[in-house]
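Structure, as structure tokens:
The values are calculated or read from the model by the stated rules, or taken from the named source; none is laboratory data. None of the values given here were measured: they were computed from a predicted structure. FYI the Cβ positions are ideal-geometry reconstructions off the backbone, even for glycines, and counts take in every protein chain you see. Ligands, DNA and RNA are stripped out before the accessible areas are found, and what is left, the full protein with its side chains, is counted by its heavy atoms. Shrake-Rupley method; radii C 1.70, N 1.55, O 1.52, S 1.80 Å.
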Amino acid sequence: MAGKYDLAKTKLGDILKDPEAEAIFDELVPDLRKHPMIKMAMGMPVLQIIKLSGGQLSEAQINGLPGRAGRAHEDGVEQP
């Protein structure tokens, strides 16, 4: 699974259609689907969501996503 999705380009909604990726997001960000902005976030690339999260995600959550669900190439979140 690691590196399957480009988190800078792939929309959250597209990633969550993959059951394996969905399980990773549910584990790392268990309250994701309860967030009041989830509908808007589904149409955004994951790195954009991270940049706009305003401290709502822990460092462990941010660092865990690229390592387990995809690759990242933008500033602030790098491939481990």
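Just checking, does region 10-32 include any residue being in contact with a Phe, Trp or Tyr (Cβ under 7 Å, 6 or more places away or on another chain) and of a type in the set (Val, Ile, Thr)?
Yes, that holds for at least one residue.
What is the residue count in region 16-61 for residues that are open to solvent by 70 Å² or more (accessible area, probe 1.4 Å) and within 10 Å of the chain's Cα centre (by Cα)?
Total satisfying the criteria: 1.
Residues in region 2-61 that are of a type in the set (Val, Ile, Thr) and part of a loop (DSSP other than H, G, I, E, B): how many?
Of the residues in that region, 2 qualify.
Picking from 76, 70, 55, 64, which residue would you name as being modelled with pLDDT under 90 and touching a Ser or Thr at 6+ places or on another chain (Cβ under 8 Å)?
70
So, in region 6-15, how many residues would count as being of a type in the set (Val, Ile, Thr) and either open to solvent by less than 20 Å² (accessible area, probe 1.4 Å) or without any contact (Cβ under 8 Å) to a residue 40 or more places away in the chain (or both)?
Here the count works out to 1.
Of the residues 41, 60, 69, 21, which single one is touching a residue at least 60 places away in the same chain (Cβ under 8 Å) and among the small types (Gly, Ala, Ser)?
Of the residues listed, the single one that is touching a residue at least 60 places away in the same chain (Cβ under 8 Å) and among the small types (Gly, Ala, Ser) is 69.
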